[in-house]
Every structure is written in C-alpha cells, then in structure tokens.
Amino acid sequence: MHANPIVPCLWFDSQAEEAVNFYLSIFPTGKILDTTRYAEAGKEIHGREPGSVLTVEFELNGQTFTALNGGPIFKFNEAVSLQVMCDTQQEIDHYWEKLGAGGDPAAQQCGWLKDKFGLSWQIAPKGMAKMLNDPDRSKVERAFAAMMEMKKLDIAALEKAFNGA
C-alpha cells in the first residue's frame, strides 16, 4: 500500500533508471522502493529484452513516483509539471541548478524549468501563493510583475516588490 493514494507515473523511453538516479542525487530524502522487469511474455508488443527494467518505484521527499520505460511513443510537455516548494533562496538555488543541469534553457521562466529528460518543474518559494492571494491588489500586481521578469525566482526581490520597497 502506498503512503500516497495518487502516484505520478513518469513515462520515459528507456531512461527510467538514469532519471531516478539523477533525481535521487538532487533530493535529500529519496530512495528506490522497487524495480520491476519486462518478462518474455508480450515481447512482440513491448519489444524489450526480458529482464530489462520496466518500472522503478521511487520516493522523493515523501512523494512516491513510478518511472516507466515505456518506449518513445510519449514525450513530456509543459502541460504537467512537478512543483518543488522551497523555504529558502538556498533551496531554490539548489533545485534550480541541479534540476536544470543539461535541460532546456529556453524553457526557463517564472520559476519553471525543463530538466534533461524533458520533465517540467516549478521551483518556487512556499510564500508565493500567499503573496498572489493577498487582499491588497497593488501588492499582488507588484509581486506578479516582478515574477514575470524572472527566470529563477528570487525571494528577496519578490518580497521587495510585494512590499513596495
């Protein structure tokens, strides 16, 4: 039984193990939970060598994921992203640098980045939603305008804009 009832499945061509190891090297509390392998059965459909990795179930900061070696049929796109909510600028810097390494620099805007596997991430401060929901619309407008000018989010600059300083 999974700790979380909803487990995102990330479809890779054949890089599931590589991707999981990449993500585990970045997140401080991550681990592999289980690995399944392709069987001989269905080889005429799946085309994979029996014994090769089918899925890797893993956990990042308490969230369970499944990485699937499903073939080249589907690719990641920006319609789905994973959010990493950060307490400090140091955390934002860490995740931005590590997850963005080898990714698409053109896909970086407003805290979004695309990693080297094409998966989109949002690296954001935990307080951002509170800023954008403040009843003072002038504060919201200033914070939003500042965010729109950024690639990697800068907590101090966002707070400065929000406070009108």
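Hey, any hits in the range 29-49 for a residue that's at pLDDT 95 or above and assigned to a loop (DSSP other than H, G, I, E, B)? Among the residues of the range 29-49, not one is at pLDDT 95 or above and assigned to a loop (DSSP other than H, G, I, E, B), which makes the answer no.
Can you tell me which residue within the range 62-99, out of those that are in contact with a Phe, Trp or Tyr (Cβ under 8 Å, 6 or more places away or on another chain) and among the small types (Gly, Ala, Ser), is farthest from residue 153 (Cα to Cα)? Only one residue tops the list, namely 70.
Being among the polar types (S, T, N, Q), over 20 Å from residue 25 (Cβ atoms) and surrounded by fewer than 18 Cβ atoms within 10 Å (Cβ to Cβ) is a property that residue 61 lacks. Of all the criteria given as (1) under 30 Å from residue 35 (Cα atoms); (2) outside the structural domain of residue 43 (by TED's automatic domain parsing); (3) of a type outside the set (A, V, I, L, M), the one not satisfied by residue 126 is (1). Criterion applied to 58, 22 was being in a strand (DSSP E or B) and not aliphatic (A, V, I, L, M), and the one residue passing it is 58. Can you tell me which residues in the range 27-57 are more than 14 Å from the chain's Cα centre (by Cα) and closer than 30 Å to residue 108 by Cα? Answer for the range 27-57, where residues must be more than 14 Å from the chain's Cα centre (by Cα) and closer than 30 Å to residue 108 by Cα: 28, 29, 31, 32, 55, 56, 57.
The values are calculated or read from the model by the stated rules, or taken from the named source; none is laboratory data. From a predicted model like this one, the values you see are computed outputs, not experimental measurements. FYI the Cβ positions are ideal-geometry reconstructions off the backbone, even for glycines, and counts take in every protein chain you see.
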